[in-house]
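Written out below as structure tokens is the structure these notes cover.
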Amino acid sequence: MKFKGRDIISIKDFTRQEIDYILKIAGEMEPVAKSGSDILHGKLLATLFFEPSTRTRLSFESAMHKLGGSAIGFAEAEITSVKKGENLADTVRVVENYADVIALRHPLEGAARLAAEFAKVPIINAGSGAEEHPTQALLDLYTVWKELGRIDGVNIALVGDLRYGRTVHSLAYALSLYDVKLHLVSPDSLRMRREVLDTIKERIKVVEKRTIEEILPRLDVLYMTRIQKERFPDAAEYAKVKGSYKVDLRLLEDAKKDLIILHPLPRIDEIAAEVDATSHARYFQQVWNGIVTRIALLALILGATE
Ligand code: NCD
């Protein structure tokens, strides 16, 4: 298995063996996340974020620092000057002179793939429009594995915006490499993208539903997502589905005792604050697992571990 110098563009580029290996290395990196190390001393990460982010960018930068490396980059909330194609290619060909690896978040689907074609250094896709968010999928899997001790055999529901949510696209692809039962819960207009559905249905059993209630009692993992307001073509369409799902204590009365609830964050109103104190809530642990997983990825890509 070779990771050194490799791009992370789509979760589809990885086999189950490779994903399992990344999760294993992530487990071994927990002490580095706690106490730091210097295995990437002298190495530099550039974070190029053309879209808003709190977690992902800080998580990558924190991971790099904990490995003894350093991080440079920019984070712009405004994307008005972003143009297709050439601009990004040029940016990447400039930045590769400063950095050993680039984490890129961009509003256009295909942006990370394009950047990787031009860059001499590895590109990590930190979110490409509504398309994919592969490192989030890896940290989600790591969380399930760490919390439940297994991924095979798990009964899991992805809930919310399955159309515009990139995290659920990557996660669904990744889960289809395991023996899971997958429930997809969304309003009709936000059903899972066709291309994702077609691919995962060839591998695992997938059931589509409109409400959480009808499947909740059987679930081991409830993965909630935000309705991606910024990706809707118009405000009226968003208004129709806004607030479609809300997990609160009353709903959870029907849940298994050891159900875990995940969310890539930020949450808006899909999980009530009262749920935070329950034993089901794992979305803040997920943030920690994000650091651990990104430490593993950076160490693997930059050849500091094998
Ligand atoms: C997600 C994203 O950016 O796609 N956030 C994240 O990276 N943790 C989810 C979201 O924005 O809803």
**Prompt:** How far is the Cα center of segment 55-73 from the Cα center of segment 225-289, in Å?
**Reply:** 27
**Fill in**
The answer for the chain, counting only DSSP H helices whose Cα atoms cover 20 angstrom or more along the axis and whose Kyte-Doolittle average is -0.5 or greater, is 134-148, 283-301
**Cβ-defined net charge surrounding Thr278, 13 Å radius [Lys, Arg +1; Asp, Glu -1]** = -1
**Fill in**
The size of the Cβ-based charge dipole (Lys, Arg +1; Asp, Glu -1) of segment 1-66 about the Cα centre, to the nearest 20 debye, is 60
**Message:** Along its three principal axes, how long is segment 159-278 when you only count alpha carbons? Whole Å, largest extent first please.
**Reply:** 38, 36, 22
**Message:** Under a Cβ-only charge scheme (Lys and Arg +1, Asp and Glu -1), can you give me the dipole magnitude of segment 134-285 about the Cα centre, in debye to the nearest 20?
**Reply:** 260
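Compute the signed sum of charges (Lys and Arg +1, Asp and Glu -1) over the other residues within less than 9 Å, Cβ to Cβ, of Leu216.
In short, -1.
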**Request:** Please report, as a whole percent, how much of the solvent-accessible surface of the chain comes from carbon and sulfur atoms (probe radius 1.4 Å).
**Result:** 49
**Asked** Quick one: putting +1 on the C-beta of Lys and Arg, -1 on the C-beta of Asp and Glu, what dipole do you get for the chain around its Cα centre, in Debye to the nearest 20?
**Response** 220
**Asked** Between Gly73 and residues 5 or more places away or on another chain, which pairs have amide H atoms under 5 Å apart, with H built 1.01 Å from N, and which residues are they?
**Response** Thr47
**Asked** Considering only DSSP states other than H, G, I, E and B, which GluC sites (Glu not before Pro) in segment 93-164 qualify as loop sites with at most 16 other Cβ atoms within 10 Å?
**Response** Glu109
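With all distinct Cα pairs included, what does the Kirkwood hydrodynamic radius of the chain come out to in Å, to one decimal, could you say? Before the final figure, lay out each step's value.
Values: mean 1/r = 0.0509 Å⁻¹.
Answer for the chain: a Kirkwood hydrodynamic radius of 19.6 Å.
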**Prompt:** So what is the accessible area of the chain per residue, in Å², with the probe set to 1.4 Å?
**Reply:** 44
**Request:** Pick out which of Ser128, Ser189, Ser35 has the largest mean-square fluctuation in a Gaussian network model of the chain, springs linking Cα atoms closer than 10 Å.
**Result:** Ser35
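The values are calculated or read from the model by the stated rules, or taken from the named source; none is laboratory data. Every value quoted in this text rests on a predicted model; they were computed, and no experiment measured them. Positions of Cβ are backbone-derived with ideal geometry, glycine not excepted, and every protein chain shown enters the neighbour counts. When the accessible area is computed, the model is the full protein with side chains, heavy atoms only, and any ligands, DNA or RNA have been set aside. Shrake-Rupley method; radii C 1.70, N 1.55, O 1.52, S 1.80 Å.
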